[in-house]
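Everything on this sheet refers to the single structure shown next.
The values are calculated or read from the model by the stated rules, or taken from the named source; none is laboratory data. The structure presented is a predicted model; accordingly, all values stated were derived computationally and were not measured. Positions of Cβ are generated from backbone atoms using ideal geometry, with glycine treated the same way; all protein chains shown enter the neighbour counts. Side chains are part of the model used for accessible areas, which takes the heavy atoms of the whole protein and leaves out ligands, DNA and RNA. Shrake-Rupley method; radii C 1.70, N 1.55, O 1.52, S 1.80 Å.
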Amino acid sequence: MSETIKTDVVIIGAGPVGLFAVFELGLLDIKAHLIDILDKVGGQCAELYPEKPIYDIPGIPLITGHGLTGALMEQIKPFNPTFHLGEMVTTVEKIGDPLFRVGTDRGKVLEAKVVVIGAGGGLFQPKRPPIPGIETYESKSVHYAVRNMDAFRDKRLLIVGGGDSALDWTLNLQPVAKRLTLVHRRDEFRGAPDSVNKMRALVAAGAMDLKIGQVSALEGADGELAAASIKGNDGSVTRVECDAMLPFFGLTMKLGPVADWGLTLKDNLIPVDTAAFETSILGLFAIGDINTYPGKLKLILSGFHEGALMAQKAYHYVYPEKRLVFQYTTSSTSLQKKLGVA
Ligand SMILES: Cc1cc2nc3c(=O)[nH]c(=O)nc-3n(C[C@H](O)[C@H](O)[C@H](O)COP(=O)(O)OP(=O)(O)OC[C@H]3O[C@@H](n4cnc5c(N)ncnc54)[C@H](O)[C@@H]3O)c2cc1C
């Protein structure tokens, strides 16, 4: 097991609310590590509506989900947070007063005086295609995300899907793979037209294969794939030999391990007080879409407010001996120095 990472605050979830919390904590000299199961930051804004305009961020008449994520990343840059992406938080244990031990599915262990749950609507999890026995190959030779392209070098790959993820990974992995086959149920793609054109050009040049149909069966042993059967729309079945399969069927959201962290949930949400957005466990906070309290609105601006108040209380756990003086960024040279503007 890897060495324990010690920090002031662990934030679970790098959605917009988790990201802005880094800013509010940073102004108070509190260092944060963020963990997200997605391989990118921005939560719902980045994953569900990157191109859609948002009209109700205070002071910004219009910004897309992608734009807001980028602006938040720019804003928190001075505080240099550490990101652990593509990792799920599985355990949160209270081991001190307050001190928490946080564990991830990749064996990482972090210790922090404060834990902030910014888990939003829950875990984004890949949808599993309806192929009999697929679960026996998962993580060994069926993967729902690419963490390391080199793991697929010189392999015969099957990528399944017709959206941007399937097309992007087709284009990225084609030069690395021994042979790549893209499988989609129809000869029309939801992904960006430019990616579709590039993929079709590779097929025309004989550099990869495109099969129209659905994967109906897998062959292999001990979790290692050997071949997949592809059922065409005319009922014919083709067998394609492969070492790995990457299905990209979109994502669903489910609560996940939050339910196991000793909190009494209300309708799958975490009840908090409205003075600091702290849970029933001292030092454990919940902000953004994951929390509930009278009058809660699941809006980004509410999550930003919650992060600001959370940071004020978190300060007393991180620096119990210090007094907190309220300051404005417009007039405090000390805050401006932290932001790198004075
Ligand atoms: C289509 C659509 C349009 C919207 N439009 C607006 C709008 O116009 N204005 C507005 O204010 N709001 C809008 N919203 C709502 C807004 O997106 C949410 O309020 C906001 O994303 C909540 O932010 P969050 O950081 O709390 O959670 P999220 O954005 O849900 O992020 C939470 C993150 O936590 C991660 N996570 C969860 N559990 C774990 C775990 N155990 N381990 C690791 N990672 C974990 C998830 O992967 C996710 O990335 C919209 C939502 C949708 C779906």
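Pair-distance distribution P(r) for region 200-260, from all Cα-Cα distances in 5 Å bins starting at 0: 4, 14, 16, 18, 18, 12, 8, 5, 4, 1, 0 percent.
Compute, for the chain, the length of the dipole vector about the Cα centre, with Cβ point charges of +1 (Lys, Arg) and -1 (Asp, Glu) only. Units Debye, rounded to 20. Walk me through the numbers on the way to the answer.
Working: 36 positive and 38 negative charges, 63 e Å.
It comes to approximately 300 debye.
Hand me the GluC sites (Glu not before Pro) from region 175-251 located in a DSSP loop with no more than 15 other Cβ atoms within 10 Å, in residue order please.
Glu188
Accessible area per residue for region 128-249 in Å², computed with a 1.4 Å probe and the full protein assembly in place, what is it? Could you put the intermediate results ahead of the total?
Numbers: 6180 Å² over 122 residues.
Using a 1.4 Å probe on heavy atoms only, each residue of region 128-249 averages 51 Å².
Each DSSP beta bridge with both residues in the chain is either parallel or antiparallel, and the antiparallel ones are about 45%.
The residues of region 251-302 present an accessible area of 48 Å² per residue when probed at 1.4 Å with all protein chains retained.
In debye to the nearest 20, how big a dipole does region 128-249 give about its Cα centre with +1 on each Lys and Arg Cβ and -1 on each Asp and Glu Cβ?
On the way: 16 positive and 16 negative charges, 36 e Å.
Using only the charged Cβ atoms, the result is roughly 180 debye.
If I compute solvent accessible area with a 1.4 Å probe over the protein chains, what percent of it on region 128-249 is carbon and sulfur? Working shown, then result.
Values: 2880 of 6180 Å².
Summing carbon and sulfur atoms, their accessible area is 47 percent of the total for region 128-249.
Of all DSSP bridge pairs formed entirely within region 128-249, close to 45 percent run antiparallel.
Taking every alpha-carbon pair in region 3-157 and binning the separations at 5 Å intervals from zero gives 2, 8, 16, 18, 17, 15, 11, 8, 4, 1, 0 percent. Note on Val203 and Thr252: the extension gain reaches 14.5 nm, defined as 0.36 nm multiplied by sequence separation minus the Cα-Cα distance.
Scoring 92-101, 327-336 by mean Cβ neighbours within 10 Å over their residues and listing the highest first yields 92-101, 327-336.
Packing-wise, with mean Cβ within 10 Å as the measure, how do 190-199, 20-29, 153-162 rank, highest first?
Values: 190-199: 14.4, 20-29: 23.7, 153-162: 20.6.
My ranking of the peptides, most packed first, is 20-29, 153-162, 190-199.
Here's the picture: charge each Lys and Arg Cβ at +1 and each Asp and Glu Cβ at -1 in the chain, and of Ala204, Val17, Ile131 the one pushed furthest to the positive end of that dipole is Ala204. Taking 20 Å as the cut-off, the amide N atoms of region 300-332 that come nearer than this to a point 7 Å along the Cα-to-beta-carbon line of Ala342 belong to 312, 323-332. Inter-label distance, Asn268 to His66: 2.9 nm, where each label sits 7 Å from its Cα along the C-beta direction.
Calculated from the alpha-carbon coordinates, region 128-249 shows an Rg and a Dmax of 13.2, 39 Å respectively.
Where both residues lie in region 1-142, what percent of DSSP beta bridges are antiparallel, nearest 5? Write out the running numbers ahead of the final one.
On the way: 13 of 29 bridges.
Antiparallel bridges make up about 45 percent of those DSSP assigns within region 1-142.
Kirkwood hydrodynamic radius computed over the chain comes to 22.1 Å, based on all pairs of distinct alpha carbons.
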